[in-house]
Amino acid sequence: MPVVPRFRGLKAVLLLPMALAGVGCDSEHRGHEIESFQGDYRYSSGVGEFFDCQSRVRYYVHDSSANKRLIREYRKLGLQHGDDAYVRVKGYLKEVPQMEGVDPVKEFVPAEFISIDPNRGCKQEARRGR
């Protein structure tokens with residue numbers, strides 16, 4: 001009769017939550033086309049705003065796991081209330097329903113934090129290479 005390790009079931013029990021956690025992160029953005037974005041970001045009074053340099057449109061930032069990291073990185077900079085920081089992120093735009101009778105709004109959903117820089121902004125980005 002072969003000897004079966006006693007901890008085989010324990011390993012499966014320990015690995016299952018880690019595997020499910022990985023699946024949860026991937027499913028957060030499932031069905032959306034993730035793109036690169038650059039723009040000015042600010043976080044104030046519990047609200048994140050993202051100004052997309054390319055489209056020149058300001059969006060509210062939708063809550064996501066990457067948004068939590070973006071908030072942490074922004075706060076580390078110690079900027080004055082309402083100051084912008086230039087961010088590079090991957091994400092997508094999502095239509096969010098409002099109250100009945102009100103048109104849905106588009107919000108920016110960060111999917112992956114890349115970088116943040118308080119010394120740049122969309123205006124400097126537009127002059128890049130000149």
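The numbers here are math on the coordinates, done by the rules we state, and not lab data. None of these values were measured; they are calculated from a predicted model. When we count neighbours, we look across all protein chains shown, and the Cβ atoms used for this are built from the backbone with ideal geometry, even at glycine.
The calculated P(r) of the range 31-126, using every Cα pair and 5 Å bins from 0, goes 3, 14, 26, 25, 18, 9, 4, 1, 0 in percent. Projected over all directions and averaged, the alpha-carbon convex hull of the range 47-100 occupies 4.7 nm². Extension gain, GLU95-GLN80: 0.36 nm per intervening residue step, less the Cα-Cα distance, totals 2.3 nm. Restriction of the GluC sites (Glu not before Pro) in the range 79-110 to DSSP coil positions whose beta-carbon has at most 13 other beta-carbons within 10 angstrom yields GLU100. Number of Lys-Lys pairs in the range 31-126 with C-alpha atoms under 25 Å apart and a separation of 8 or more places or on different chains: 10. FRET efficiency for the pair GLU112 and ARG30, taken as 1/(1 + (r/R0)^6) with r the Cβ-Cβ distance and R0 = 22 Å, rounds to 0.95.
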